Amino acid sequence: MRIACDVDGVVCDTMQGFVDLTNRLYHSNRKVSQITDWDLGISLDLTDEQVRTVFRRLDWFGLYPVPLAIETINELRRLHEVVFVTARRQDIPTAGWLSKFLATPVVHNIPASEKAEFCLDIGALVLVEDRPSEIEACDAVGFPTILLDQPWNREVDHPRRAHGWADVRFHIAEMEAAMVAAIPVDRPHV
């Protein structure tokens, strides 16, 4: 089974790094829980220039993984192929960051609006994602997703919401069981 995973907010705790740097640069006390809109300026009361400044100065290699992401991905990789599908800019060292934690990560930089089609094209059976618009795009073409719970996606009603990576593992196991159950069994004629 090929599993596709987004990176930011799913494997990499990018928003915690963004908030930490924002607090240092602007002497504030913002929290990730305040990010309830994909527009960080709106959620964190920042100007567009401040948002750009934080992203320019962000230490991409210094970011931490989402809790249990690496352990769970390594466990999944024993039985499945896991690929990373991200809308990050090409100049952000995604593969380098992932290589700190995972052996030989396969990373595809795809424009956000094309993730659903790309996942279908590569034969992925599910996308682990946090961005509401990506979930909607996948739903529109019937591509299965697991929504990793974050403050910015709590308004999305989704049948496979994961409140952490243990839930991601559970949803994948559930999907595997459903696939096995759907395979016809040839019975010998008596």
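The values are calculated or read from the model by the stated rules, or taken from the named source; none is laboratory data. Bear in mind that the values here come from a model prediction, so they are computed numbers and not experimental data. Reconstructed Cβ throughout: ideal geometry from the backbone, glycine too, with neighbour counts over all protein chains shown. Quick note on the areas: whole protein, heavy atoms, side chains included, nothing else; ligands and nucleic acids left out. Shrake-Rupley method; radii C 1.70, N 1.55, O 1.52, S 1.80 Å.
A few comments on the model shown:
- Test: residue in segment 170-188 that is under 15 Å from the mean Cα position of the chain (by Cα), small (G, A, S) and within 30 Å of S33 (Cβ to Cβ): no
- For segment 85-95, the set of residues classified as open to solvent by 40 Å² or more (accessible area, probe 1.4 Å) and under 12 Å from the mean Cα position of the chain (by Cα) consists of A87 only.
- Selection status of F101, closer than 27 Å to R57 by Cβ and either in contact (Cβ under 8 Å) with a residue 40 or more places away in the chain or in a loop (DSSP other than H, G, I, E, B) (or both): yes
This table checks each residue for (1) modelled with pLDDT under 95; (2) part of a loop (DSSP other than H, G, I, E, B).
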{"residue": "V107", "(1), (2)": "no, no"}
{"residue": "C119", "(1), (2)": "no, no"}
{"residue": "A124", "(1), (2)": "no, yes"}
{"residue": "P188", "(1), (2)": "yes, yes"}
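- Within segment 140-165, residues that are more than 27 Å from G123 (Cβ to Cβ) and in a loop (DSSP other than H, G, I, E, B) sit with their Cβ atoms under 6 Å from residues that are acidic (D, E) and open to solvent by 20 Å² or more (accessible area, probe 1.4 Å), at 6+ positions apart or across chains, in these pairs: H163/D149.
- Members of segment 45-84 that are within 19 Å of the chain's Cα centre (by Cα) and assigned to a helix (DSSP H, G or I): F55, W60, F61, G62, A69, I70, E71, T72, I73, N74, E75, L76
- Residue check for E114: free of Cβ contacts under 8 Å to residues at least 12 places away in the same chain and not in a loop (DSSP other than H, G, I, E, B): yes
- Residue within segment 104-117 that is closer than 28 Å to T22 by Cβ and of a type in the set (D, E, K, R) present: yes
- Single match in I3, I35 (criterion: within 25 Å of E174 (Cβ to Cβ) and open to solvent by less than 60 Å² (accessible area, probe 1.4 Å)): I3
- Residue in segment 32-44 that is in a loop (DSSP other than H, G, I, E, B), more than 17 Å from the chain's Cα centre (by Cα) and modelled with pLDDT of 95 or more present: no
- Test: residue in segment 126-136 that is of a type in the set (S, T, Y), in contact (Cβ under 8 Å) with a residue 60 or more places away in the chain and in a helix (DSSP H, G or I): yes
- From the list R57, R52, the lone residue that is in contact with a helix residue (DSSP H, G or I) (Cβ under 7 Å, 6 or more places away or on another chain), among the charged types (D, E, K, R) and more than 17 Å from W152 (Cα to Cα) is R57.
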